[in-house]
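Here's the structure, in structure tokens; my notes come after.
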Amino acid sequence: MEIWKERSISSVLFVGRVSRPPGPAETEDAVKYMLLIYSDPSAWAKIDEATQGAIGAEYGSFTQTIIDSKEFVTGDPLQGVETATTVEVKNGKRLTTDGPFAETKEALGGYYVVDVVDLDRAIEVAAEIPGAVRGLSRIEVRPVMELPG
């Protein structure tokens, strides 16, 4: 069974899997964190194909490592910002805008959700994401809010 796949979306390479593999060891103390990967798509576009391939292999290795550690919950790349639609409701009226809400050079390119013991471990995992290691991405680490029920 293939547990990860490499995808190139808008010149941003990301490797992810859509759901946790069967049989993870969960603990009461584990906390889910979303690791949001922000990158400048124009910086990725300047990287040659060989380096993009190397980064793809690094993402594959990183993803396999967190799957093997049972810390991986889910992860996926996102299509480019040119495919985004922002929805807003004002006075009961729905407004849509093409593109992301924020005007910025960086765009959300993908994410991982990990189930780890604490924020320190989530930060360690985030620092191992290949885009961060190579200085191409910033990673926002945010706890997932657990809702009752």
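Rule-based calculations on the coordinates, nothing more; no lab input. Computed from a predicted structure; not experimentally measured. Here Cβ is always computed from backbone atoms with ideal geometry, including for glycine, and neighbour counts include all displayed protein chains.
Under the simplified labelling scheme, the Ser69-Asp98 pair shows an inter-label distance of 4.1 nm, with each label point 7 Å from Cα along Cα→Cβ. The phi torsions of region 82-88, fed into the Karplus equation with coefficients 6.51, -1.76 and 1.60 and a -60° offset, translate into couplings of 5, 9, 6, 10, 9, 10, 9 Hz, rounded to whole numbers, with Gly and Pro shown as x. Panel values: region 79-149, Kirkwood radius from alpha carbon pairs, Stokes-Einstein at 37 °C and 0.692 mPa s, translational diffusion coefficient 218 µm²/s. In plain terms, the chain from Arg134 to Glu106 could stretch by 8.5 nm, reckoned as 0.36 nm per residue minus the Cα-Cα distance. Scaling against 2.2 N^0.38 Å puts the C-alpha radius of gyration of region 42-111 at 1.53. For Lys32, the lysines whose Cα comes closer than 21 Å to its Cα, not counting residues fewer than 8 places off in the same chain, are Lys70.
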